[in-house]
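Where a number appears in this text, it was derived from the coordinates with a stated rule and is not lab data. Treat the numbers as computed from the prediction; the structure is a model and nothing was measured.
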Amino acid sequence: MKVLIDRSGCVGHARCNNVAPALYPLDDNGYIASSGFSVPAGQEGLAQRGARACPERIIEVRDSPAEPRQVSAES
Ligand code: F3S
């Protein structure tokens with residue numbers, strides 16, 4: 001799962017950050033500091049809640065089933 005953020009549309013509501021501060025960090029001016037990230041395992045729900053919390057709807061959550069799975073180095 002991936003999150004894409006259109007930073008140019010951020011007006012600083014900070015609701016994303018209130019829901020999930022670790023996933024949606026803000027810069028010194030109170031705007032979203034990230035333009036996107038891969039959602040860490042187990043934090044999908046949090047990422048989605050943060051995205052839904054933004055009134056500007058600039059945070060998009062995408063499932064990425066086509067992404068190649070990490071191959072284990074163990075033999
Ligand atoms: Fe910006 Fe929306 Fe978060 S306007 S600070 S991305 S709630």
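Data for the structure
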quantity	calculated
Rounded to whole Å, sorted largest first: equivalent-ellipsoid semi-axes of the chain, Cα gyration tensor	26, 12, 11
Helix 44-53 axis, angle to the chain major axis (alpha carbon atoms, nearest 10°)	20
Relative contact order of the chain, defined on C-alpha pairs under 8 angstrom at six or more residues apart (%)	43
